[in-house]
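S.K.: My structure is below; once you've seen it, I'll send some questions.
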Amino acid sequence: MNVGIIGGGTMGSGIAQVAATSGCKVKLYDTNQAALDKAKGSLEKVLLRLIEKGRIDTSEKDRIQTNIAYVSNLKDLADSNLTIEAIVENLDIKKKVFSELESYVAEDCIIASNTSSLSIASIAAALKKPERCVGIHFFNPAPLMKLVEVIPAIQTSKEVLEKSIQTIKDWKKIVAVAKDTPGFIVNRVARPFYGEALRIYEEGVADFATIDHSLKSLGGFRMGPFELMDFIGNDVNYTVTETVFTAFYFDPRYKPSFTQKRFSEAGYLGRKSGKGFYDYDANGRIVIPSDAKESQDEKLAQQIFNRVLVMLINEAADALFLNIASAEDMDIAMTKGVNYPKGLLAWADEKGIDWCVEKLDALYNEYHEDRYRCSPLLRKMNRENITFF
Ligand code: NAI
C-alpha cells in the first residue's frame with residue numbers, strides 16, 4: 001500500500017514510522033525542508049534505540065527507513081492509496097491542501113485528516129469527492145499510543161470508513177469509531193479530569209498536590225490532573241478546553257478555568273517551561289519544596305476522587321447517550337488513548353449506577369449549576385436497574 005503523509009512534524013513523522021513499520025511504502029511531504037531533515041534524524045535515533053533494546057535488528061531498521069521517502073512536492077503523493085494530513089491546525093490551510101491534493105491522486109485514494117479539533121465534514125467539503133474523506137486521529141507519540149480514533153464525516157462513504165478501519169488495524173493499532181463531534185471521544189470525555197480538578201482547587205477545597213494524590217492513590221491514575229496538565233502544557237491543554245467549550249455552544253460542563261488561563265498567560269506552561277503548577281528541574285522532574293505536603297485527610301481525598309470520577313463517568317455516559325461511540329469503544333478510547341486504569345463505563349458499573357446518580361444529584365443540589373446535571377441515560381438506567389456491560 002502506498003501511503004502519503006502530509007506534514008512531517010510531531011504527528012506526521014510518527015504516523016510515517018507506524019505505516020512504514022507495517023510494510024507500507026510511505027512518502028512524507030512537508031513544505032519545510034528543515035522539518036523533513038528533523039523527521040529523518042529523529043527516526044534514525046528512535047530506530048537505534050529500538051536496536052539497543054533488542055526490539056528490532058539492523059535489517060528491520062533498514063527496511064523501515066527505505067520504506068520512507070521524504071518529498072517536498074505535493075504531486076509526489078500522486079500514487080498514494082491513502083493520504084493522512086497532519087499539518088497546522090487551520091481549516092483554510094487544510095482545505096487548500098486537500099483541494100490541490102485531490103487533483104493529483106487517483107479516484108479511489110482515501111484522503112484522511114489527523115485533526116484534533118476541526119470537524120471532518122468541514123474539511124471534506126473542500127473535496128470534489130467528499131465521500132473519500134475521513135478522520136484518522138492518532139495520539140502522541142503515534143508509534144507508542146495504541147489508540148486511533150476513526151471519524152466518518154456525514155459525507156464519508158461506508159467503503160471508505162471500512163477500508164480505513166481495516167488499514168489502521170493492519171498497522172496493529174486499536175480503533176475506536178467516533179462521531180464527528182467536538183473532541184471526538186478522548187478529548188471530550190477527558191475534559192472533567194482537568195476541569196473538575198481545577199474547579200476543586202479554585203474553590204479552595206485542596207491544593208494541587210492533594211488533588212493529584214487523591215486521583216493517583218484512590219483512582220490508580222498514573223498522573224494526577226495537575227501533573228498531567230503540566231506535562232501536556234497549560235497553553236495546549238487550555239486551548240483544547242476552550243475550543244471544545246466554544247464548539248459545544250458554551251455548555252458549562254466544558255467551561256475553561258481562569259486559573260489555567262492565568263498560568264498559561266504567565267508562561268507557567270509546565271514541564272517545557274520549567275514551571276507550571278509545579279516547579280521542574282533541568283531533567284523535567286518535579287521539584288518538591290521542603291514545606292509542601294499533601295493533606296493526609298482521607299475523607300477529603302475520597303471526596304475529591306469521587307467528585308472527579310463521577311463527573312468523568314457522567315461525561316462518558318452522556319456521550320454514549322448521544323451516540324458518539326459504542327460503550328466498548330468509549331472504554332477502549334480512555335484506557336488505550338489516555339491510559340486510564342479502567343474504562344469509565346465499566347467503572348460506573350462497578351460503583352453502581354445508583355451511586356453515580358446520587359453523587360451527581362448531590363453536586364447539583366449543592367451548586368444548582370447546569371454543569372452538574374446528571375445524564376438522562378444514567379437516570380434511566382438507574383430507574384430500570386440496568387448496567388452498561
Ligand atoms: P507540528 O507543528 O509538529 O507539525 C506540522 C508540520 O506541518 C510542520 O512540519 C509544518 O512545516 C508542516 N506544514 C504546515 N503547513 C503545511 C502545508 N501547507 N503543507 C505541508 N506541510 C505543512 O504539528 P503536529 O503537532 O504534528 O500536529 C499536526 C496535526 O495533528 C494538527 O492538525 C493537530 O491538531 C493534530 N494532532 C496533534 C497532536 C499532538 O499531540 N501534537 C495529537 C493528535 C492530533
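The values are calculated or read from the model by the stated rules, or taken from the named source; none is laboratory data. Nothing here was measured: the structure is a model prediction, and the numbers come from that model. Neighbour counts are summed over all protein chains in view; Cβ atoms, including those assigned to glycine, are modelled from backbone coordinates with ideal geometry. When the accessible area is computed, the model is the full protein with side chains, heavy atoms only, and any ligands, DNA or RNA have been set aside. Shrake-Rupley method; radii C 1.70, N 1.55, O 1.52, S 1.80 Å.
S.K.: Just grab the label-to-label distance for Ser273 and Val236, each label 7 Å out from Cα along the Cβ direction, in nm (one decimal).
M.R.: 1.5 nm
S.K.: Using C-alpha positions alone, give me the convex hull volume of the stretch 27-148 per residue in cubic angstrom.
M.R.: Values: hull volume 13.8 nm³, N = 122.
In the stretch 27-148, the Cα convex hull volume per residue is 113 Å³.
S.K.: Provide the gained length on full extension for the span Glu44 to Asp354, in nm with one decimal, where the gain is 0.36 nm per separating residue minus the Cα-Cα distance.
M.R.: Details: separation 310, 0.36 × 310 = 111.60 nm, distance 5.32 nm.
Contour length minus Cα-Cα distance gives 106.3 nm.
S.K.: Using only Cα atoms, tell me the angle between helix 158-170 and the longest principal axis of the chain; keep it within 0 to 90° and round to the nearest 10.
M.R.: Once rounded, the angle reads 90 degrees.
S.K.: Using the Karplus curve 6.51 cos²θ - 1.76 cosθ + 1.60 with θ = phi - 60°, what ³J(HN,Hα) values do you get for each residue of the stretch 48-59, in whole Hz, with x for Gly and Pro?
M.R.: So the Karplus estimates, Gly and Pro as x, are 5, 5, 5, 5, 4, 7, x, 7, 9, 10, 5, 5 Hz.
S.K.: If packing is taken as the average count of other Cβ atoms within 10 Å, what order do 170-182, 141-153 fall into, highest mean first?
M.R.: Values: 170-182: 18.8, 141-153: 20.3.
My ranking of the peptides, most packed first, is 141-153, 170-182.
S.K.: May I pose another question? To the nearest 20 debye, what is the magnitude of the charge dipole of the chain about its Cα centre, counting +1 on the Cβ of each Lys and Arg and -1 on the Cβ of each Asp and Glu? Walk me through the numbers on the way to the answer.
M.R.: On the way: 49 positive and 53 negative charges, 141 e Å.
Result for the chain is approximately 680 debye, rounded to the nearest 20.
S.K.: For a quick check: with amide H placed at 1.01 Å from N, whose amide H comes under 5 Å from Val71's, ignoring anything fewer than 5 positions away on the same chain?
M.R.: Leu28, Tyr29, Asp30
S.K.: Of all DSSP beta bridges located in the chain, what percent are antiparallel, nearest 5? Each step should come with its number before you reach the end.
M.R.: Values: 9 of 33 bridges.
That works out to approximately 25 percent antiparallel.
S.K.: For the chain, give the percent of accessible area contributed by carbon and sulfur heavy atoms, probe 1.4 Å, rounded to a whole number.
M.R.: Working: 9320 of 18060 Å².
Taking all protein chains in place, the chain shows 52 percent carbon and sulfur surface.
S.K.: Additional query: Expressed as a whole number of Å, what is the distance separating the alpha-carbon centroids of the stretch 359-381 and the stretch 245-287?
M.R.: The two parts, judged by their Cα centres, are 27 Å apart.
S.K.: When the helices in the chain are scored as -39500 (n - 2.57) per DSSP H run of 4 or longer and the sum is shared across all residues, what 222 nm value do you end up with, to the nearest 500 deg cm²/dmol?
M.R.: Working: 17 runs with 198 residues, N = 389.
Dividing the helical sum by the residues of the chain leaves -15500 deg cm²/dmol.
S.K.: Another question about this same structure. Taking the simple approach of a point 7 Å from Cα along Cα-to-Cβ for both Asn385 and Thr31, what is their distance in nm?
M.R.: Inter-label distance under the simple model: 6.3 nm.
S.K.: Nearest 10 degrees, 0 to 90: what angle lies between the long axis of helix 353-367 and the longest principal axis of the chain (Cα atoms)?
M.R.: With rounding to tens, the tilt is 70 degrees.
S.K.: Sort Arg222, Arg371 by heavy-atom solvent-accessible area, probe 1.4 angstrom, most to least. All intermediate terms of the calculation are to be shown ahead of the outcome.
M.R.: Working: Arg222 180, Arg371 15 Å².
Greatest to least solvent exposure: Arg222, Arg371.
S.K.: How large is the accessible surface per residue of the chain, computed with a 1.4 Å probe and reported in Å² as a whole number? Numbers along the way, then the final one.
M.R.: Details: 18060 Å² over 389 residues.
About 46 Å² of surface per residue is accessible.
S.K.: Additional query: Report the convex hull volume per residue for the chain, counting only C-alpha atoms, in Å³.
M.R.: On the way: hull volume 59.1 nm³, N = 389.
Looking at the chain, the number lands at 152 Å³ per residue.
S.K.: Kindly identify the stretch 266-358 as rounded, prolate or oblate by the Cα gyration tensor criterion: order the square roots of the eigenvalues as a ≥ b ≥ c, call it rounded if a/c is under 1.5, otherwise compare a/b with b/c, prolate if a/b is larger, else oblate. Before the final figure, lay out the partial values.
M.R.: Numbers: a/c = 2.98, a/b = 1.68, b/c = 1.78.
It is oblate, given that a/c is not under 1.5 and a/b is not larger than b/c.
S.K.: Moving to a separate point now. Taking θ = phi - 60°, what integer Hz values does the Karplus form 6.51 cos²θ - 1.76 cosθ + 1.60 yield along the stretch 248-263, in sequence order, with x for Gly and Pro?
M.R.: Rounded to whole hertz, the list is 8, 6, 6, 4, x, 5, 10, 4, x, 10, 5, 4, 5, 4, 5, 4.
S.K.: Which far-off residues, 5 or more places away or on another chain, put their amide H under 5 Å from the one on Leu82, with H placed in the peptide plane?
M.R.: Long-range HN contacts for Leu82: Asn2, Gly4, Ile110.
S.K.: Could you please state, rounded to a whole Å, how far the C-alpha centre of the stretch 70-110 is from the C-alpha centre of the stretch 1-60?
M.R.: A separation of 18 Å, based on Cα centres.
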